[in-house]
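Only one structure is covered here, and it is reproduced in the block below.
We did not get these values from a lab; they are worked out from the coordinates using the rules stated. Note that the structure is a prediction, hence the values are computed from the model and not measured. As a convention, Cβ positions derive from the backbone with ideal geometry for all residues, glycine included, and neighbour counts pool all protein chains shown.
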Amino acid sequence: MTNLVPLKKFPVLIAIVAALMVSSMSVLSVETPVQTAIQSATSGDTPGRLSGARNDSPALQQSTPIDPAAATQAWLDSVPQDKREKSDAYFEGGYWLILWNYLVAAAISILLLSSRISARLRDFSERLTRYKTPEVACYSVLYLLLVYVLSFPLNVYEHFFREHQYGLATQSFPAWFREQLIGLGIALIGGTIVLIVLYAVFRRAPKTWWTWGTGVAVVFSFVLVFIAPVFIEPLFNTYKPLKTPEISEPILAMARANEIPVKQVFEVDASRQTTRVSASVSGFLGTTRIALNDNLLKQCTLPEIRLVMAHEMGHYVLNHGAKLLTYLGIFILIGFALTRILFNTGVRRWGEKWDVRGVADPAGLPLLALIFTTLLFLATPLLNTVVRVTEREADAFGINTAREPDGMAKVALKLGAYRKLNPTALEEFIFYDHPSGRARIRMAMDWKAANLSAGETSKSESQDPKETEE
Ligand SMILES: [Zn+2]
């Protein structure tokens, strides 16, 4: 969902954007840039030997019990130092970007309030019309445009220059900017509609808006997730049915085994924007679609692709879309409740100075945004953890379905090209919305070790007694 980044620039749309979380969490984990060096390293000696024991080879099962900790370390050690340093630098830079993004959003809100620009935008909208709905619409469009322009320098650094600097982006500036404008257009239309409805709620229920407002936010999130694959994603990329039966058949076989009602797998031309490998499940109910991107097809072997797709199916089978929407609703409810208290306090204190009359006054929108982004910033570890735990469930489903522990380790290493492979526990808790590479490889190796010993048991049980005597 990196394409929809412009939406994320608007703090007020966070409720919707958080819904993107629902779909972007699905945009798995397996985003990883072209890393042929790492790829060849992983097929190198040490892990190769460790992974040499195929489950269907009883002799090896018995002769090489694996030590999951040592096997995990061997995979991690196979990544060259310079690659590791580069991906660590990229990912750690992302920690600071969370802070900078928050500070820029907060500064914009404070500027709009204290300079009374927000009040003047409201006055201008009031003069234009005496009806409330067009007034809110007019204010919203101007506000969203202003926020986009003011945060553009950080946006262009983070999503264009920095991505190129690390070799993750494939677009020229005009192509990138064109997509920014499309995203801005969507944000203006969607954001204005949401704000019109929210302000109608504010006017009718100035005291209990936070409960009704949560309902509005959840409904819009649902609609967004539902329509995204049909109306939004095609604006940025082309989806077409995967035509290679050698790849699509094994994937569809896993889908059939798990009663997933999909008849085809889609291929998306993500290489238009990025070198990252990724796959996704998007949509809801009737619009559910499983897609893998062309980078994944080009760079991964079938075992790796099966593992990735099994992870995506995990999101579907475990009903993660509905679960995350529910969590989102709870977060928004708590967030709106706190926002209401803080907003009223702010208006009592500075309302006159900022010329903000109350929650139903659009001029107060930057204050709502300031409070909500602050809460969201503080809740970063909590939100990441909720998503990460969900991703771990999909990982567990993926490994059990695909039964490809080495494929999982290899994919985790490819991810390591842009996500720090071996973080501290605290780092992982605060910043990771997916399990780290180390955690994923360890899961794969634990699975492999357990699976091997289970294989031994069943073998000895099923053995012919005569053979045992021998
Ligand atoms: Zn996932």
Flagged in the stretch 366-410 as free of Cβ contacts under 8 Å to residues at least 12 places away in the same chain and more than 18 Å from Tyr95 (Cα to Cα), in numbering order, are Val389
The lone condition Ile260 fails out of (1) in contact (Cβ under 8 Å) with a residue 60 or more places away in the chain; (2) within 16 Å of the ligand (Cβ to nearest atom); (3) surrounded by fewer than 23 Cβ atoms within 10 Å (Cβ to Cβ); (4) farther than 26 Å from Val197 by Cβ is (1)
Do you know which residues across the stretch 167-186 are small (Gly, Ala, Ser) and closer than 16 Å to Asn155 by Cβ? Ala169, Ala175, Gly183, Gly185
Pairs please, first residue from the stretch 314-329 and within 15 Å of the ligand (Cβ to nearest atom), second anywhere and among the acidic types (Asp, Glu), Cβ atoms under 9 Å, 6+ apart in sequence or on different chains. Gly314/Glu393; Gly314/Asp395; His315/Glu391; His315/Glu393; Val317/Glu259; Leu318/Glu393; His320/Glu391; His320/Glu393
For the stretch 330-353: of the residues being farther than 20 Å from Arg203 by Cβ and without any contact (Cβ under 8 Å) to a residue 24 or more places away in the chain, which is surrounded by the most Cβ atoms within 10 Å (Cβ to Cβ)? Ile334
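Being part of a helix (DSSP H, G or I) and either under 25 Å from Leu318 (Cα atoms) or within 16 Å of the ligand (Cβ to nearest atom) (or both): is that true of Asp433 here?
Details: part of a helix (DSSP H, G or I): no; either under 25 Å from Leu318 (Cα atoms) or within 16 Å of the ligand (Cβ to nearest atom) (or both): yes.
In short, no.
This table checks each residue for (1) within 22 Å of Tyr199 (Cα to Cα); (2) of a type in the set (Asp, Glu); (3) surrounded by fewer than 19 Cβ atoms within 10 Å (Cβ to Cβ); (4) in contact with a helix residue (DSSP H, G or I) (Cβ under 6 Å, 6 or more places away or on another chain).
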{"site": "Asp355", "(1), (2), (3), (4)": "yes, yes, yes, yes"}
{"site": "Gly358", "(1), (2), (3), (4)": "yes, no, yes, no"}
{"site": "Ala402", "(1), (2), (3), (4)": "no, no, no, yes"}
{"site": "Asp406", "(1), (2), (3), (4)": "no, yes, no, no"}
